[in-house]
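The values are calculated or read from the model by the stated rules, or taken from the named source; none is laboratory data. Source: prediction; values computed, not measured. Cβ: placed from backbone, ideal geometry, glycine included. Neighbour counts: every protein chain shown.
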Amino acid sequence: MRIARYRVTLLLTVALLACVGSVGYWVRSRISAVSGDLLSEHFLQPVYFGPPRVFVSTPEFQLRPRFEKNRRDIAAVSDLAFLTAQKGQWQDAQMFYQEWLRIRPTDINAIVGRVFALVNLNKPREAIEFLRKTRAALKAHEDVAFTWHVEGDIWWFLAMSADEGSRKIYLESAEKCQKRALEIVPNSSRFLLGMVRVALAKNDLHMASILVERVYTVGCETNREQALASYYRGTILERTGELKKAQSYYLAAISADPESFVDIRKVKK
């Protein structure tokens, strides 16, 4: 898949903004061994809009001179974008993603990378506008669908800290975007999980349950997707009063992909 670097491993930044507050969008906290009876959606949160999990073998001190010597060195530019994002240096990351886009304007990895940097820089509206401008130039259906999915996640993210009136409007936009992604690439577990997020934000547990079951039927392509499916099933169970059952799914989620979650009790304010 052309978007493997982000579609498979990019894995979305902070736990819900409303829960984390001013700590910033990306947190490095990791989930250590936790007793199942301590788990709840109130503090175990998925990480969204995080940096790519891409291994860069060349150190930054070697990449920067290469970049200064030749700003069209695509390997140096992309690796610097990844490295600065992984360090939480989002302003630098955004600059390198822009340089990458000057070389390859329709590279989906660069597009999504810049979008994530903008969200982490507290510029979600600018990220949405950028997605809309670049979408028209994309040729691959999978790339177009992915931009709809990412836009949907940004609208969902905005809804989490909005007032009641705006929240409803943002969630409607999020749902439309996720549906559009699924129209282009039906039965994508990633896009279905985006729909689950919207349903849970509306507290529509019936629809969330249907969507989660559909994810399991389709099958998860990555550990991240498997982890989120387990987490969302646990969330549904917890909200219906079955906390013990929910905790087993939370543990399964952490086991599948620990880097996808943060315990907000451990985040320094």
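Working carefully through the options Thr106, Thr134, find the one that is of a type outside the set (Gly, Ala, Ser) and outside any helix (DSSP H, G or I).
Thr106
Could you tell me how many of the residues in the range 94-126 are crowded, with 17+ Cβ neighbours inside 10 Å, within 21 Å of Asp143 (Cα to Cα) and not aromatic (Phe, Trp, Tyr)?
Going through the range 94-126 one residue at a time, the tally reaches 16.
Just one of (1) surrounded by 14 or more Cβ atoms within 10 Å (Cβ to Cβ); (2) touching a residue at least 40 places away in the same chain (Cβ under 8 Å); (3) under 25 Å from Tyr97 (Cα atoms); (4) in contact with a helix residue (DSSP H, G or I) (Cβ under 7 Å, 6 or more places away or on another chain) trips up Glu142, so point out which.
(4)
Out of all the residues in the range 233-252, which are crowded, with 19+ Cβ neighbours inside 10 Å and either without any contact (Cβ under 8 Å) to a residue 40 or more places away in the chain or in a loop (DSSP other than H, G, I, E, B) (or both)?
Of everything in the range 233-252, those that are crowded, with 19+ Cβ neighbours inside 10 Å and either without any contact (Cβ under 8 Å) to a residue 40 or more places away in the chain or in a loop (DSSP other than H, G, I, E, B) (or both) turn out to be Arg233, Ile236, Leu237, Tyr249.
Just wondering, is there one or more residues in the range 143-159 that are more than 17 Å from the chain's Cα centre (by Cα) and under 30 Å from Val198 (Cα atoms)? Spell out the reasoning first.
So the first thing to find is which residues in the range 143-159 are more than 17 Å from the chain's Cα centre (by Cα), and the list is none.
No: the range 143-159 contains no residue that is more than 17 Å from the chain's Cα centre (by Cα) and under 30 Å from Val198 (Cα atoms).
How many residues does the range 192-226 hold that are in a helix (DSSP H, G or I), free of Cβ contacts under 8 Å to residues at least 60 places away in the same chain and either crowded, with 23+ Cβ neighbours inside 10 Å or not hydroxyl-bearing (Ser, Thr, Tyr) (or both)?
24
Residues of the range 161-219 being hydroxyl-bearing (Ser, Thr, Tyr) and modelled with pLDDT of 95 or more, which ones?
Ser166, Tyr170, Ser173, Ser188, Ser189, Ser209, Tyr216, Thr217 - these are the residues of the range 161-219 that are hydroxyl-bearing (Ser, Thr, Tyr) and modelled with pLDDT of 95 or more.
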